[in-house]
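The values are calculated or read from the model by the stated rules, or taken from the named source; none is laboratory data. Since we're looking at a predicted model, the values are computed, not measured. Cβ atoms come from the backbone with ideal geometry, glycine included; neighbour counts cover every protein chain shown. Note: accessible area is taken over every heavy atom of the protein model, side chains too, but ligands, DNA and RNA are not part of it. Shrake-Rupley method; radii C 1.70, N 1.55, O 1.52, S 1.80 Å.
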Amino acid sequence: MEHSIKRPWSERIYIGAVYVILIGSGILCLFPFLNVLAKSFSANWAIISGKVGLLPVAFTMENVMFVLRDRLFQNAFLISVFVTVVGSLGAVLFTAVSAYPLSKKHLPGIKSVLLLYIFTMLFNGGLVPTYLLVKNLHLMDNLGSLILPALINVFNLLLMKNYYESLPESLEESAKLDGASNLRIVLSIVIPISAPVFATISLFYAVYFWSDWFHPMLYLNEPSLKPLQLYLRDIILQASDENLLNQDIDALLNLSPEGIRNATIIVSTVPILLVYPMLQKYFIKGILIGSVKG
């Protein structure tokens, strides 16, 4: 049985310090989330009196249930789900289709095309030209304005391109010898073995589409088209707290605007938190393989 290598004391202290810093940073980042979570499940009087810390006081589900029953919230939630699902699927498809030929260095002029993509990472038209372009395409008050401009992210494109380049060329060569077409090679060989990078890129796009509030604020004026993050922004910046509790007298007595705000934040965050564990096993592998080779 091999003996484990003993590390010098200086290295042990260094590694220990790194772990302490990482754990401490994680705990500090967790505190605000726990406070928001506690207020979401605390009674009105506890929130108003400032007694809620990291744990709920006088546990109640009324704040969360109030948010879930709100028709505006339900509509905004469905809009966000639609934009996230359709946007992520479309973005992964376009990114994959664009990255595959870019990974073939033998294609004529492919380096020039790649430089055009990279150029857009450093320079872009800016906010006003982008707004005018969306307006001239008649995408104002249209969910397409949230999806079409974000179908390809160059950083994700480069990750997927580098991943394709890391795949053994012998796989495609063997398939071509067996008479497989390029489309058959992509569908039957490349895509099945690219699950890690597909999962990673899907998570990146899903988080972007789910969290985006700036572009909806620019392009959507119709209240029925507001996604969840824009709804959440309106709740947090609500000028009149009474407007949050305009359903009935019981709500005014039992609920607080602060509790509803925090419950809205929690309910808005949970869906994307549930997606991450399903993709976590692919996440690190996809990032490492897609970023090592340049």
Of all residues in region 278-293 being out of contact with any Pro (no Cβ under 6 Å at 6 or more places or on another chain) and open to solvent by less than 80 Å² (accessible area, probe 1.4 Å), which is modelled with the highest pLDDT? L279
When restricted to K161, K135, the only residue assigned to a helix (DSSP H, G or I), among the charged types (D, E, K, R) and open to solvent by 60 Å² or more (accessible area, probe 1.4 Å) is K135
Pairs with Cβ under 8 Å, 6+ apart, first in region 115-139 and under 18 Å from A150 (Cβ atoms) and among the aliphatic types (A, V, I, L, M), second open to solvent by less than 70 Å² (accessible area, probe 1.4 Å) and at pLDDT below 85: L133/G125
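What residue, of S188, S181, S202, is under 30 Å from I266 (Cα atoms) and of a type in the set (S, T, N, Q)?
Criteria check complete, one pass: S202.
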The helices (runs of 4 or more DSSP H) lying wholly within region 191-273 that contain at least 1 residues that are modelled with pLDDT of 80 or more are 195-211, 214-219, 228-236
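Of the residues P227, P216, which single one is under 27 Å from N136 (Cα atoms), touching a Lys or Arg at 6+ places or on another chain (Cβ under 8 Å) and open to solvent by less than 60 Å² (accessible area, probe 1.4 Å)? Don't jump to the end; show me each part of the working.
On the way: P227 fails: touching a Lys or Arg at 6+ places or on another chain (Cβ under 8 Å).
Result of the check over P227, P216: P216.
What helices (runs of 4 or more DSSP H), lying completely within region 34-132, carry at least 2 residues that are under 30 Å from V154 (Cβ atoms)? Walk me through it before giving the result.
Details: elements: 44-48, 62-69, 71-102, 110-122.
Where helices (runs of 4 or more DSSP H) fall fully within region 34-132 and carry at least 2 residues being under 30 Å from V154 (Cβ atoms), they are 71-102, 110-122.
Residues of region 164-179 being touching a residue at least 12 places away in the same chain (Cβ under 8 Å) and not in a loop (DSSP other than H, G, I, E, B), which ones?
Of region 164-179, the ones touching a residue at least 12 places away in the same chain (Cβ under 8 Å) are 164-167, 171-172, 175.
Within region 164-179, Y164, E165, S166, L171, E172, A175 qualify.
Which residues, taken from region 138-152, are more than 22 Å from the chain's Cα centre (by Cα), open to solvent by less than 70 Å² (accessible area, probe 1.4 Å) and of a type outside the set (A, V, I, L, M)?
As a first pass, look at region 138-152 and keep what is more than 22 Å from the chain's Cα centre (by Cα): 138-141.
The next check asks that each one be open to solvent by less than 70 Å² (accessible area, probe 1.4 Å); those that pass are 139-141.
D141 - this is the single residue of region 138-152 that is more than 22 Å from the chain's Cα centre (by Cα), open to solvent by less than 70 Å² (accessible area, probe 1.4 Å) and of a type outside the set (A, V, I, L, M).
Listed here are the residues, each with its yes/no results for (1) of a type in the set (D, E); (2) surrounded by fewer than 17 Cβ atoms within 10 Å (Cβ to Cβ); (3) out of contact with any helix residue (DSSP H, G or I) (no Cβ under 7 Å at 6 or more places or on another chain).
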{"position": "G26", "(1), (2), (3)": "no, yes, yes"}
{"position": "F31", "(1), (2), (3)": "no, yes, yes"}
{"position": "K39", "(1), (2), (3)": "no, no, no"}
{"position": "V52", "(1), (2), (3)": "no, no, no"}
{"position": "L55", "(1), (2), (3)": "no, yes, no"}
{"position": "V64", "(1), (2), (3)": "no, no, no"}
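Examine region 5-26 for a residue that is part of a loop (DSSP other than H, G, I, E, B), of a type outside the set (S, T, N, Q) and under 24 Å from R233 (Cα atoms), and state whether such a residue exists.
Of the residues in region 5-26, the ones part of a loop (DSSP other than H, G, I, E, B) are 5-8.
Cutting the leftovers down to of a type outside the set (S, T, N, Q) gives us 5-8.
From what is left, the residues that are under 24 Å from R233 (Cα atoms) are none.
No: zero hits.
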Just to verify a result, which residue in region 121-131, among those that are of a type outside the set (F, W, Y) and surrounded by 12 or more Cβ atoms within 10 Å (Cβ to Cβ), is farthest from H215 (Cα to Cα)? M121
Is at least one residue of region 25-32 touching a residue at least 12 places away in the same chain (Cβ under 8 Å) and under 32 Å from the mean Cα position of the chain (by Cα)? yes
